[in-house]
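Structure, as structure tokens:
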Amino acid sequence: MTGAAIMSKLPISAFIICLNEEAYLSNCIESLESCAEIVIVDSGSTDGTAALVQSYIEKGWPIRFLFEAWRGYAGQKQFALEQCTQPWCLNIDADERLDAPLQELLPTLLAAPVETVGWRVARRPYLIGYGYTPDRVRERKNLRLIRKGRGAYDLAQKVHEGIVPDGKVEAAATGSLLHYRPLVIDEQILKENKYSTLKADQQFAAGKPPRGYKMIFSPPLYFLRLYFRNGLWRCGFPGFIEAATGAVYAFLTAAKIYQRHALKRKPNFDDMERGRRGNEDAMKVHHYHFGKDGGAERFFVHLVNALARRGVEQTAVIRPNRLWRKDIENSAKLIESNFRNLSTDRLLLPLKVMRNARRDKPDALFSWATRASRLMPNYKGCIKISRLGDYPTNLSYFKNTDVLVCNTPGIGEHVRRIGWTRGVEVISNFTNTERVAPIDRASLDTPEGVPVVMSMGRFVPRKGFALLTEAVAKLPGVYLWLAGDGEERENVEKLAADLGVLDRVRFLGWQKDTRPFLAAADIFVMPSSHEPLGNVILEAWAQEKPVVSSRSEGPSWFMQDGENGLLADIGDVDGFSRAIERLINDKALAAYVAAGGHATLMQQFSEDAVAGAYIELFKRKP
């Protein structure tokens, strides 16, 4: 693109925020050919977005490609707006493009009188089975073109963010932004769920009161407005689906606002059964947990914080100096003890926890795994729960336990087979589902553009890190990141050296937050020979990564080969290598199983479902 061509362009800075938009960004950029500047702000793409943008820059397109860690939709767009240098600024999403009439109209819009500070523009979505909605379908016009310095984003808006203008705004008479992101219904519902959460959080933070009637009336009214008033009926069944999913969004938003206010109030759990103690008392739980550092501990942290958000008062007995202590210290009163055989705590701690139970009168005593279950006092005033994340060899640990909570059906069946006759409940795990910005690969001496496989956990033989190293060694140019620590690490490092791939393997050590590393990787692999559940798979799904797993116990329960991941036989080096290679070479398959995994996570392993199940269990009397 010549200097003369750039000089002849319209004085517009188009600004785009993006994350992994390789599939859509070309059409967007091509429609902005008349703009003097294009500002693209990336929050950490791991696909080919960066290479695509660089190819346009090399062709002479006036693009400034910037990185900014995610600030939320409004914050990210405000940052992009502030980078613009031209007299007019045009906000456009990566999956949108200017149609021909709008491109032709731009010079007229820019020539508006000085009192006009911005222009609202129509937006036409693409409907699967129909195409772009026709002009006769009414679409709300949003402020997209603004004079530099005459508008800013409201940072309190978490979703449906828009520019707040400082002056008069008019509507463009013709032309549209064409929005092309065809989502199948599963993906659309996940999107509505995400956006309704953001909207509910925004309105709750603003003090908007709950309105129960909106759960009843808002969905049908929303549907009627879109389908009949706006004219989506003209698009047949695709229009019906679009209006119906909008109604789902309306219901979820109203319901989530209602529940946030309900959770803010202190609960009143079954007055008759709880001795009519009244609303003034919060539910109380005492935890006993002597785990170290791993997936089970991450779930313990997640659950303690989730229960705290729901108003549960908690006390937790844990080992001293745990790395994750600070992550729960604001959610629970902490008592630190080693509870070892050759320590005074072995004698005194059981007396202390019994005294605490009699004093606090908790709703539940909750021990985590076998060792902590030995500490369970024979207290008669509440339900006593032991949570199992693995297969116990005997039941003697649980003499004072009323109910065993197993995180997979297989563990529940196992304890029944070996003689457990009291209560059994299957309640699985959940993880933090927030998407985060990836770390910079350069910080791990990993080139951009190379395939990166990641795994994590304790370095013990059953985790299969040696097998995974062998599998990656068979794939030239593929890098392997291993997060965690343990006694097996030195052996894996030696194996990587012996195989000649130490230059492609990165040992990350123990990481408090593995999400940025997962976000920067391409594929997650869990090669364990024994894995009762597989928390790490859930964490990878939260970052929407494709997963390869062994056919171990937990994954065999909730994974379907080719649907939400790929499965390989335990110990099969070549099988893991082939599965990884399939995902590298078949981007469509990788995207498909990643989306399937994320859908499974949201449907089966959500915080609301798991925390709610535990709270219902806490209400029971033995």
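Given the residues K158, K191, K208, which is the only one that is basic (K, R), without any contact (Cβ under 8 Å) to a residue 12 or more places away in the chain and not in a strand (DSSP E or B)?
The match here is K191.
Please go through the range 462-502 and pick out each residue that is in a helix (DSSP H, G or I), surrounded by fewer than 17 Cβ atoms within 10 Å (Cβ to Cβ) and touching a residue at least 40 places away in the same chain (Cβ under 8 Å).
Within the range 462-502, R462 is the sole residue that qualifies.
Are any residues in the range 194-221 surrounded by 18 or more Cβ atoms within 10 Å (Cβ to Cβ) and among the polar types (S, T, N, Q), and if so, which ones?
Matches in the range 194-221: S196, Q202, Q203, S218.
For a quick check of your reading: which strands (runs of 3 or more DSSP E) sit entirely within the range 290-398 and have at least 2 residues that are aromatic (F, W, Y)? Step through it out loud before you land on a result.
On the way: elements: 313-318, 333-336, 364-368, 383-388.
In the range 290-398, 364-368 are the strands (runs of 3 or more DSSP E) which contain 2 or more residues that are aromatic (F, W, Y).
If we scan the range 38-58, do we find a residue that is closer than 27 Å to V164 by Cβ, at pLDDT below 95, aliphatic (A, V, I, L, M) and not in a strand (DSSP E or B)?
Within the range 38-58, not a single residue is closer than 27 Å to V164 by Cβ, at pLDDT below 95, aliphatic (A, V, I, L, M) and not in a strand (DSSP E or B).
Yes or no: the range 543-557 includes at least one residue that is closer than 27 Å to D42 by Cα, surrounded by fewer than 23 Cβ atoms within 10 Å (Cβ to Cβ) and modelled with pLDDT of 90 or more.
yes
Is the range 596-613 home to any residue that is among the aromatic types (F, W, Y) and either within 20 Å of the chain's Cα centre (by Cα) or modelled with pLDDT under 90 (or both)?
Yes: one or more hits.
Filter the range 94-112 down to the residues that are assigned to a strand (DSSP E or B) and either more than 13 Å from A172 (Cβ to Cβ) or at pLDDT below 95 (or both) and list them by number.
E96, R97
Just for the range 580-593: of the residues that are open to solvent by 10 Å² or more (accessible area, probe 1.4 Å) and among the aliphatic types (A, V, I, L, M), which one is nearest to the chain's Cα centre (by Cα)?
Once the filter is applied, the top-ranked residue is A591.
Can you tell me which residue within the range 558-569, out of those that are at pLDDT 90 or above and crowded, with 18+ Cβ neighbours inside 10 Å, is farthest from S428 (Cα to Cα)? Walk me through it before giving the result.
Let us first name the residues in the range 558-569 that are at pLDDT 90 or above, namely 559-569.
With the extra rule that they be crowded, with 18+ Cβ neighbours inside 10 Å, the set shrinks to 559, 564-568.
Values: M559: 14, N564: 18, G565: 19, L566: 21, L567: 21, A568: 23 Å.
Across the range 558-569, the extreme among qualifying residues is A568.
Among the residues of the range 6-23, is there at least one that is modelled with pLDDT of 95 or more, surrounded by fewer than 18 Cβ atoms within 10 Å (Cβ to Cβ) and either among the hydroxyl-bearing types (S, T, Y) or not in a helix (DSSP H, G or I) (or both)?
Taking every residue of the range 6-23 in turn, at least one turns out to be modelled with pLDDT of 95 or more, surrounded by fewer than 18 Cβ atoms within 10 Å (Cβ to Cβ) and either among the hydroxyl-bearing types (S, T, Y) or not in a helix (DSSP H, G or I) (or both).
Out of M354, M376, report the one residue that is open to solvent by less than 30 Å² (accessible area, probe 1.4 Å) and on the phi < 0 side of the Ramachandran plot.
One residue alone meets the criteria, M376.
The values are calculated or read from the model by the stated rules, or taken from the named source; none is laboratory data. All values reported here derive from a predicted model rather than from experimental measurement. Positions of Cβ are backbone-derived with ideal geometry, glycine not excepted, and every protein chain shown enters the neighbour counts. Surface accessibility is based on the protein's heavy atoms, side chains included, excluding ligands, DNA and RNA. Shrake-Rupley method; radii C 1.70, N 1.55, O 1.52, S 1.80 Å.
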